[in-house]
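Here's the structure we're looking at; comments come further down.
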Amino acid sequence: MSVFILIMLSLNCYRESTLKSQGASMGKASETEAADQVSILEQPAKYLRLVELEFVDGSAARHIVSAGETAPLIFASVKLHNYPGINPHNNQQTLGLKRIVIYEIGQSGPFWWSTPDLQNNGDQNGAQILDWKFSHVAWEKDKGYLEEFYW
């Protein structure tokens, strides 16, 4: 249980410092602030993260979130699946998490197979390819803590 409290305190401190550094307040947003919030669909791709939840049975769930929202998602996922591991809406045991991995969006190409003439890598007529590149492991069950804040 103390590991859970440590995670919760760390994430709350991180979220507060992130919001302050972005000029947001911890209280209720004013109408102006609410109007200024940008939808995740309107953010540049570089601010998106793929959060992969790997479960103890080998299955996985993947969520695309803004970079600033990775910490709350990680905290909620660890709480839901491991501490205490009970769904509060139906009181059922949840599947345990094994690991949470973060990926950042990257650009590569154009590759020959994305060009009209199917010839040359780097051809300006080819497609720029976006893919997810490994960033770091944010949480592991065996360690029971968040190593560092990279998000």
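The values are calculated or read from the model by the stated rules, or taken from the named source; none is laboratory data. Predicted model only: the values in this text are computed from it and were never measured. Don't worry about glycine lacking a Cβ; one is built from the backbone with ideal geometry, like all the others, and counts go over all protein chains shown.
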For this session: Return the residue satisfying two criteria in turn: it lies in the stretch 79-129 and is more than 20 Å from LYS143 (Cβ to Cβ) and touching a Lys or Arg at 6+ places or on another chain (Cβ under 8 Å), and of such residues it is modelled with the lowest pLDDT.
Result: GLY106
For this session: For the stretch 113-129, indicate whether the set of residues that are in contact with a strand residue (DSSP E or B) (Cβ under 6 Å, 6 or more places away or on another chain) and surrounded by 12 or more Cβ atoms within 10 Å (Cβ to Cβ) is non-empty.
Result: yes
Problem set entry | Failed criterion for LYS46 (all others in (1) touching a strand residue (DSSP E or B) at 6+ places or on another chain (Cβ under 8 Å); (2) of a type in the set (Lys, Arg); (3) modelled with pLDDT of 90 or more; (4) in a helix (DSSP H, G or I) hold) | (3)
Exercise. Could you say whether any residue in the stretch 78-100 is aromatic (Phe, Trp, Tyr), touching a residue at least 40 places away in the same chain (Cβ under 8 Å) and touching a helix residue (DSSP H, G or I) at 6+ places or on another chain (Cβ under 6 Å)?
Worked result: yes
Problem set entry | In the stretch 85-101, residue farthest from ARG49 (Cα to Cα) [restricted to those that are in contact with a Ser or Thr (Cβ under 9 Å, 6 or more places away or on another chain) and not polar (S, T, N, Q)] | ILE86
